[in-house]
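A short reminder: the numbers here are calculations on the coordinates, not readings from a lab. As the structure is a computational prediction, the values presented were derived from the model and not from experiment. Don't worry about glycine lacking a Cβ; one is built from the backbone with ideal geometry, like all the others, and counts go over all protein chains shown.
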Ligand code: SAH
């Protein structure tokens, strides 16, 4: 076994039997001793992966523009909770608040910043990133403890970090995909022996044996809470993540370390573990709110004026700086295989049914 967490998981399995993918996922990211977010510095060029706000300030600034527009579209109510789920190093919220202070000082003056973050280490970094903001900042383990009130909420690359369950199509129906031990006591994927009530899974006829279907009760639970809150108190929620607009079959569990894909089972706790977000399922879990048709990140950012803003940011700067901005625009909104423009999707929900550019309503 290659990591301390790998050994811990192997011991658990040898004592209690195979564990589901969701338990494996949770242990990898959140184990109190060896979990990925407890021990690693995931972000940035020296880390394991780079997120949109870490690529360029343009991303957070455009989210800021969108949130100010959303606030105005609701009649500019005050006070406002500006909430973020999984804020990482706090870069996105810092960029958002800079724009909010500029475009809507009256909003910044009456806003509280509410950060849902489980990692103490990241809370510390978030506190530093937001030290210049004049709005009070509060941290939460869970969205439930954010005080009631009109809410503007954003979650970038948060849902992909919440555990999924996987089911495998077999000759005798769907079975839970589990992590077990092979003859050499190495972690391997296997198929649970217990049959299950698969009434919540899609029809199996069209798929070959071995095909995987994913569900995420953890994501659905958070989505339901966001919806409940926005329905009750008013507001808008913006979810940005990589994933698919429609539910479908396929194994999307992936581990990334030092900017490269690695085997999911090889280095538990030392690689980031995520899976693609199923936006159709997420939307179904958001009852009572208005869900706008999902856009790609590329279309979303371009419609909000990414190119114009990039031009302004680059004006008067040297060639190196301009090239960096051009590369950031490409990465954020381009459609190449390493770009985020097509892979990442943006979903917006609001309490009131209203027009909120660049989303369009289809009914
Ligand atoms: N949004 C940031 C970071 C994304 S990484 C960015 O775009 O750069 C995922 C973030 O979610 C981290 O801050 C991680 O600590 C946090 N996180 C993961 N699981 C969580 C959970 N169950 N509750 C709260 N925060 C969680």
What full-extension length gain, to one decimal in nm, is calculated for residue 335 and residue 193 as 0.36 nm per residue of separation minus the Cα-Cα distance?
-> 46.9 nm
Compute the separation of the alpha-carbon centres of segment 313-332 and segment 258-283 and state it in Å as a whole number.
-> 30 Å
Which angle from 0 to 90°, rounded to the nearest 10, does the C-alpha axis of helix 21-30 make with the longest principal axis of the chain?
-> 50 degrees
For the modelled label position 7 Å from the Cα of residue 258 along Cα-to-Cβ, which residues of segment 15-58 have backbone nitrogen atoms closer than 13 Å?
-> 46-49
Go through 83-92, 337-346 and give me the packing order, highest mean Cβ count within 10 Å leading.
-> 83-92, 337-346
Report, in degrees rounded to the nearest 10, the 0 to 90 angle that the Cα long axis of helix 217-233 makes with the longest principal axis of the chain.
-> 30 degrees
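Can you classify segment 204-294 as rounded, prolate or oblate using the Cα gyration tensor, where a ≥ b ≥ c are the square roots of its eigenvalues, rounded means a/c under 1.5, and otherwise it's prolate if a/b beats b/c and oblate if not?
Values: a/c = 2.63, a/b = 1.53, b/c = 1.72.
Oblate shape, in that a/c is at least 1.5 and b/c is the bigger or equal ratio.
Calculate, for residue 228 and residue 322, the FRET efficiency according to 1/(1 + (r/R0)^6) with r their C-beta to C-beta distance and R0 56 Å; round to the nearest 0.05. Present the calculation step by step, with values, prior to reporting the outcome.
Values: r = 46 Å, r/R0 = 0.81.
Given R0 = 56 Å and the Cβ-Cβ separation, E is 0.75.
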Three-way shape label, segment 271-357, alpha-carbon gyration tensor, a/c 1.5 = oblate
Spin-label pair residue 120/residue 312, simplified geometry with 7 Å Cα→Cβ offset, distance in nm = 4.2 nm
Could you state the number of Å between the C-alpha centres of segment 1-53 and segment 184-253?
-> 20 Å
Based solely on its DSSP helices, what 222 nm [θ] is calculated for the chain when runs of n ≥ 4 H residues each add -39,500 (n - 2.57) and the sum is averaged over all residues, nearest 500 deg cm²/dmol?
-> -10500 deg cm²/dmol
With axes computed from alpha carbons, what is the tilt in degrees of helix 57-73 against the longest principal axis of the chain, rounded to the nearest 10 within 0 to 90?
-> 70 degrees
Once the piece of chain linking residue 280 and residue 183 is laid out straight, how much longer is it, given 0.36 nm per residue of separation minus the C-alpha distance between them?
-> 31.0 nm
Taking 7 Å along the Cα-to-C-beta vector as the label spot, tell me the residue 221-residue 46 distance in nanometres, rounded to one decimal.
-> 3.6 nm
